[in-house]
Amino acid sequence: LYRIVQSLGKTRRPAKCQYTSAEIALVYFWAVVNDRCVDWACQRCNWPIHRRRLRLPNPSTMSRRLRQHDVITLITEIEVLVREWQKPSSERWIDGKPLSIGGSSQDVDAGYGRASRSMAKGYKLYAIADKNQGIVAFTVRPIQANEAGVAPTLIDQIEGPGTLVGDNAYDSNKLYEQAGSKRIQLIAPHRKNTKALGHIKHSRHRIRCRKLLQTKKGKRLLHERGGIERMFGQLTGMPSGLSPLPNFVRSLRRVTNWVRAKIILFNLWRHLRRTQN
């Protein structure tokens, strides 16, 4: 990760800035890898001995630069580069994962909604996972955001052809049409209260999904949707993974940055495991 950051951002330095984009990103990633706050990463004593000669910005500089376009662009490019080390698969899955915080938190961006069999306060990670590339698209919203309402933002981030498998929350004509326009066949089981499509006009991609679910291939694709649950498990269980949000990661902007960095580490970890095997 250090080599990637240096190669992409070593020469980037906005006007009137003392530190390059790479130096800011490295300090932030060091905090994320160790599950510590940015203030901790700005202290020289918390770095390995062979890295203590690096120039370290102060916390206020970090806070300001992490909002600027150059650093955000660099971290996004790192995310794309690590993801594209693996060839994309034709099978993708879509789902959400709650990121709950303490109920007494004063975070004004956090919402209150349903988590795993309970109600909780916090955020939710909405993601599309590729069988080969790992997590390829994501967004973070307050926990009460509707999955079908967030899905268009995720579908815009991927390209076809292939399939996209989700649960019955994604069984919507609008989503079928959006995915179909990008040569992606959305596959979602019908909702429990919907025994038939009815007499209204439906998307041809939705009708195709109904027919596909009656075949062995369709049933297999639906069964393999559990792959995204396993990826979420690996994301939270790997070294330096996405553990419960620390108390210093609050507000939608900070949570999004934290989750993005964890996803970069996760996709890099998956790539290294594959190359070693």
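Checked against the criteria, G180 does not count as more than 25 Å from the chain's Cα centre (by Cα) and either touching a residue at least 60 places away in the same chain (Cβ under 8 Å) or surrounded by 14 or more Cβ atoms within 10 Å (Cβ to Cβ) (or both). Residue pairs whose Cβ atoms lie under 6 Å apart, separated by 6 or more positions or on different chains, with the first residue in the range 252-277 and at negative phi and the second surrounded by 17 or more Cβ atoms within 10 Å (Cβ to Cβ) and aromatic (F, W, Y), are V255/Y123.
Within the range 58-67, does at least one residue satisfy the condition of being among the charged types (D, E, K, R), touching a residue at least 40 places away in the same chain (Cβ under 8 Å), surrounded by 13 or more Cβ atoms within 10 Å (Cβ to Cβ) and at negative phi? Yes, the conditions are met somewhere in the range 58-67. With respect to the conditions (1) of a type in the set (D, E); (2) farther than 27 Å from P244 by Cα; (3) open to solvent by less than 20 Å² (accessible area, probe 1.4 Å), E91 falls short on a single one, namely (3). One residue alone among K124, K97, K87, K131 is of a type in the set (K, R) and over 16 Å from the mean Cα position of the chain (by Cα), and that residue is K87.
Pairing each residue of the range 206-232 that is under 20 Å from I135 (Cβ atoms) with any residue that is open to solvent by less than 100 Å² (accessible area, probe 1.4 Å) and aromatic (F, W, Y), provided the two are 6+ apart or on different chains, yields C-beta distances under 7 Å for R225/W93; G227/W93; I228/W93. When the residues of the range 31-44 are filtered to those that are open to solvent by 60 Å² or more (accessible area, probe 1.4 Å) and closer than 26 Å to P244 by Cα, the one that is farthest from the chain's Cα centre (by Cα) is Q43.
The values are calculated or read from the model by the stated rules, or taken from the named source; none is laboratory data. This one's a predicted model, so the numbers in the text were calculated from it and none came from an experiment. Here Cβ is always computed from backbone atoms with ideal geometry, including for glycine, and neighbour counts include all displayed protein chains. For the accessible areas, the whole protein counts, side chains as well, though only heavy atoms, and no ligand, DNA or RNA atoms are used. Shrake-Rupley method; radii C 1.70, N 1.55, O 1.52, S 1.80 Å.
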